[in-house]
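All remarks here apply to the structure that follows.
All of the numbers you see were taken from the coordinates with simple rules; none came from a lab. Predicted model, so just to flag it, every value in this text is computed and none were measured. A quick note on method: Cβ atoms are made from the backbone with ideal geometry, for glycine too, and the neighbour counts reach across all protein chains shown.
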Ligand code: HEC
């Protein structure tokens, strides 16, 4: 009895097992693909930062727009990209030498991430 049922179980495990796992795996990756970037970004993005046109959407876009368009048009800011060091340098030249404030950190983050090279 035992020798006869074992191969049957093995066959069952072989035919149904991998199929179930494959299906679950596919369901998971599909979910991850659709739920991944756009949803996660929108979730944490303040509406003001998503609608700070012509500044591209990004964390602190609205604040950067306000700070960096006080003296000139947005296109002056948007005509180039900023590495982290360049963002720090531009903030210091244009606004103030103190980059230890929340505002400075936020503007520098926006310039060097959303407007990164
Ligand atoms: C206190 C006024 C003021 C503020 C605030 C200001 N800028 Fe400027 N910015 C200027 C002036 C003045 C110029 C030179 C304008 C010209 O050449 O016609 C300039 C020019 C620029 C230029 C083009 C010149 C170059 O060297 O490439 C960029 C880029 C720029 N600003 C970026 C910024 C950014 C980024 C911010 C926000 C962190 C900012 N500005 C905030 C006054 C300001």
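A few notes on this one:
- The shape of region 45-113 can be summarised by an equivalent ellipsoid whose semi-axes, obtained from the alpha carbon gyration tensor, come to 17, 13, 11 Å from longest to shortest.
- Cut-off 19 Å (backbone N to label point 7 Å along Cα→Cβ of residue 89), residues of region 56-80: 76-80
- Gained length - residue 50 relative to residue 80, 0.36 nm times residue gap less alpha-carbon distance: 8.8 nm
- Two-site FRET efficiency, residue 116 against residue 71, from Cβ-Cβ distance with R₀ of 22 Å, rounded to 0.05: 0.40
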